[in-house]
1. Would a scan of region 28-37 turn up a residue that is touching a residue at least 24 places away in the same chain (Cβ under 8 Å) and farther than 20 Å from residue 1 by Cα?
2. In region 52-101, which residues are of a type in the set (Asp, Glu) and under 30 Å from residue 8 (Cβ atoms)?
3. I'd like to verify a number: residues in region 1-36 that are part of a loop (DSSP other than H, G, I, E, B) and closer than 24 Å to residue 70 by Cα, how many?
4. Condition test on residue 94, is it at pLDDT below 95 and on the phi > 0 side of the Ramachandran plot?
5. Of all residues in region 54-101, which are small (Gly, Ala, Ser) and within 16 Å of the chain's Cα centre (by Cα)?
6. Within region 57-71, does at least one residue satisfy the condition of being surrounded by 12 or more Cβ atoms within 10 Å (Cβ to Cβ), without any contact (Cβ under 8 Å) to a residue 24 or more places away in the chain and in contact with a Phe, Trp or Tyr (Cβ under 8 Å, 6 or more places away or on another chain)?
Amino acid sequence: MCLAKLPNERKLTLCRKYYMAGFAFLPFMWAINAIWFLNEAFWAPPYPEQKQIRRYVIVSGVGALLWLVGLISWVVVFQQNRSVWGATADYMSFIIPKGVP
């Protein structure tokens, strides 16, 4: 879909839908929203709906970044402590490595 062909009201509606979808634990939608509407929010010629789109883009980008930092932090902590946590970590794992930790 080409955003240039959409009317401004439809752009705002689509941006808002992607923003709301991110609250359903779909941070990927926030990332897509931030990337897809980045040009419309900051570099397109001014139009009335642009201020709201800019707000959705900023909040979507920050939300996606926070989710990414949280996910990477969890992976690092889990990988470093999996063997120390014993059976609890085994219950959280899909693949249990064999051998000495």
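1. The answer is no; no qualifying residue exists.
2. Taking region 52-101 and keeping what is of a type in the set (Asp, Glu), we get 90.
None - no residue of region 52-101 is of a type in the set (Asp, Glu) and under 30 Å from residue 8 (Cβ atoms), so the list stays empty.
3. So the answer is 4.
4. The answer is no for residue 94.
5. The answer is 60, 61, 63, 64, 70, 73.
6. no
The values are calculated or read from the model by the stated rules, or taken from the named source; none is laboratory data. Being a predicted model, the structure only gives us computed values, none of them experimental. Quick reminder, even Gly has a Cβ in these numbers, built from the backbone with ideal geometry, and neighbours come from all protein chains shown.
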